[in-house]
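Q: Sharing a structure with you now.
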Amino acid sequence: MLNYYNRPNKRIPLIYINVFCRFRPPSELELEHTSNNCITILSPKQLLVRKDNNLDIQQDYTFDGLFLPRTPLDQIYTRTTKQIVENVLMGYNGAVICYGQTGTGKTYTMNEITPLAVNQIFNGIGIGDRDNEIFKIEVSIIEIYKEQVNDVLDPKNTNLNLIENKLKRKNLTIENLTSMSVTSENELNDIIYKGTIKRNTNSTTMREYTAKSHNIIIITIYRYYKDKNILRTGTLYLCDLEGSEKITKMNPDEGESIEEQKLVNKSLSALASVVQSLSVKNDTTFHVPYRDSKLTRILAEYLGGSAYTTLILTCTQNEYNLSETRNTLLFGERAKKIRNKPVINIEQNADKNPIIKELLNKRIEEENNMDEKDKIKQKFENFSIIILVTCNDIIFK
Ligand code: ADP
Ligand code: MG
């Protein structure tokens, strides 16, 4: 279960979400059609899209950064994700969202970024004061397919309910979602690998299926500070969205009704509407159609809400996919106008919180066990001294 403890604060400044664009190398399929490039990089942040000398189709876009096929991963990670994870460790919510046409590198990018984020989380926690700080890390993975939210860590657990906190519209619980508690980097990587990477590489059918579903890794970090009796809770969303192309391009499955096919794209069209309305107006009283789909309800906190968000657009420079690339860039241009109002999740008097009660009890148990171990160790040491003395006796006699 996910809990949020946000407290709205009017004085908090609005910040724009960060939007980056990553280009993958041209694919074989693209090169079979054309080797023409439709993107010109004008500066580290600005690009121009055009087709030959067709002035109608010429448009420039400015983002927070552009990544070319040769841009090193550490640079991509530092610019897109590092600060988000740092904020999550402090008790903010944060998201990294990949958006783009199928086959442009959303999953590739997420698979590269996730282990680095996991490493940063455990390093960040490792430098804390062990005696004063107690932490707990939980992971959940969901997929949204045809407007059903499914639990990836427990495949039998499907079609989960979303429950909004009535007082705080954007705070949400995903009912009965499995949360696994993890204590090491390897353990967390392992769960994520089994839940996402394996699914994506297993078979062609599975790959096609995952291309049509939204996949979100949810990592929650609880940090309890004994001296101040406060709890900081930060949640990180790593979102690999469904391919942004129109359904007609995707050869829908045979035997599926049109209604079913529409469901596949429902969340994505709703996302486009949410981004469009947030980009036009940022007044919170303005209607934003979050409720139109499962995805937008789940991402409400991260789009126009109280979290830190980075959007990574993935596309190709090859002219073969020009129209899809233009759609992706247009989506990114709108998203750049979205502003969030980040709020830290701090709970005072946290020893009353059930999660903390459990952690404190566990800590006492561990300390008792340590005491027992120490006693046994000491007994054993005394015992070995006796044996040594005895041996010496034998040798010298
Ligand atoms: P998506 O998830 O957007 O559908 P994938 O991540 O599955 O796309 O990528 C499609 C193909 O392109 C894969 O074979 C992947 O290895 C390759 N690819 C994607 N991005 C890159 C990149 N930046 N560098 C090299 N290959 C890439
Ligand atoms: Mg994918």
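Q: Look through segment 162-183, keep the residues that are part of a strand (DSSP E or B) and open to solvent by 50 Å² or more (accessible area, probe 1.4 Å), and return whichever of them is farthest from PRO289 (Cα to Cα).
A: Step one: of segment 162-183, the residues part of a strand (DSSP E or B) are 162-164, 172-174, 180-182.
Subset that is open to solvent by 50 Å² or more (accessible area, probe 1.4 Å): 163, 180-181.
Details: ILE163: 17, MET180: 32, SER181: 34 Å.
Top of the filtered list is SER181.
Q: Continuing with the same structure: Please identify the pairs in which a residue from segment 85-103 that is closer than 26 Å to GLN317 by Cα has its Cβ atom under 7 Å from the Cβ atom of a residue that is among the polar types (S, T, N, Q) and in a loop (DSSP other than H, G, I, E, B), counting only partners at least 6 apart or on another chain.
A: That search, which allows pairs on different chains as well, returns TYR99/SER244; GLY100/SER244; GLN101/SER244; GLY103/SER27.
Q: Can you find, within segment 320-341, the residue that is farthest from TYR302 (Cα to Cα) among those that are among the hydroxyl-bearing types (Ser, Thr, Tyr) and open to solvent by 60 Å² or more (accessible area, probe 1.4 Å)? Before you say what the answer is, go through the steps one by one.
A: Pass one, segment 320-341, residues among the hydroxyl-bearing types (Ser, Thr, Tyr): 320, 323, 325, 328.
From the residues that got through so far, the ones that are open to solvent by 60 Å² or more (accessible area, probe 1.4 Å) too are 320, 323.
Numbers: TYR320: 33, SER323: 28 Å.
So the residue we want is TYR320.
Q: Another question, if that's okay. Which of the following residues is surrounded by fewer than 16 Cβ atoms within 10 Å (Cβ to Cβ) and either part of a helix (DSSP H, G or I) or touching a Leu at 6+ places or on another chain (Cβ under 9 Å) (or both): ASN159, ASN150, ASN186? Please lay out each step first, then the result.
A: Numbers: ASN159 fails: either part of a helix (DSSP H, G or I) or touching a Leu at 6+ places or on another chain (Cβ under 9 Å) (or both); ASN150 fails: surrounded by fewer than 16 Cβ atoms within 10 Å (Cβ to Cβ).
Just a single option satisfies the conditions, and that option is ASN186.
Q: Continuing with this model, one more query. What pairs come up if the first residue lies in segment 257-277 and is within 18 Å of TYR209 (Cβ to Cβ), the second is acidic (Asp, Glu), and their beta carbons are under 7 Å apart, counting only those six or more places apart or on different chains?
A: Correct list of pairs: LEU263/GLU147; LYS266/GLU147; SER267/GLU147; LEU268/GLU242.
Residue-wise test of (1) modelled with pLDDT of 90 or more; (2) not in a helix (DSSP H, G or I).
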position	(1), (2)
THR248	no, no
PRO252	no, yes
GLN276	yes, no
ASN282	no, yes
THR285	no, yes
LEU299	yes, no
THR310	yes, yes
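Q: Sort out which residues of segment 90-131 are open to solvent by 40 Å² or more (accessible area, probe 1.4 Å), more than 8 Å from ligand 1 (Cβ to nearest atom), assigned to a loop (DSSP other than H, G, I, E, B) and not aliphatic (A, V, I, L, M), and write them in order of number.
A: TYR92, ASP129, ARG130, ASP131
Q: Now, a different point. With (1) in a helix (DSSP H, G or I); (2) at positive phi as the list, and GLY304 as the residue in question, which single condition is left unmet?
A: Failing condition for GLY304: (1).
Q: Could you grab me the full set of residues in segment 66-89 that are open to solvent by less than 20 Å² (accessible area, probe 1.4 Å) and either within 12 Å of ligand 1 (Cβ to nearest atom) or on the phi > 0 side of the Ramachandran plot (or both)?
A: Across segment 66-89, the qualifying residues are PHE67, ILE76.
Q: Okay, moving on. Which of (1) open to solvent by less than 20 Å² (accessible area, probe 1.4 Å); (2) within 11 Å of ligand 1 (Cβ to nearest atom) is the odd one out, the single condition PRO26 does not satisfy?
A: Condition not satisfied by PRO26: (1).
Q: Taking the stated definitions as given, is TYR108 within 16 Å of ligand 2 (Cβ to nearest atom), out of contact with any helix residue (DSSP H, G or I) (no Cβ under 6 Å at 6 or more places or on another chain) and within 14 Å of LEU238 (Cα to Cα)? Walk me through how you get there before you give the answer.
A: Values: within 16 Å of ligand 2 (Cβ to nearest atom): yes; out of contact with any helix residue (DSSP H, G or I) (no Cβ under 6 Å at 6 or more places or on another chain): yes; within 14 Å of LEU238 (Cα to Cα): yes.
Spelling it out, TYR108 is indeed within 16 Å of ligand 2 (Cβ to nearest atom), out of contact with any helix residue (DSSP H, G or I) (no Cβ under 6 Å at 6 or more places or on another chain) and within 14 Å of LEU238 (Cα to Cα).
The values are calculated or read from the model by the stated rules, or taken from the named source; none is laboratory data. Just so it is clear, the model here is predicted, and its values are computed rather than measured. We place every Cβ from the backbone using ideal geometry, glycine too, and count neighbours over all the protein chains shown. Each accessible area value is taken on the protein alone, full model and side chains, heavy atoms only, with ligands, DNA and RNA left out. Shrake-Rupley method; radii C 1.70, N 1.55, O 1.52, S 1.80 Å.
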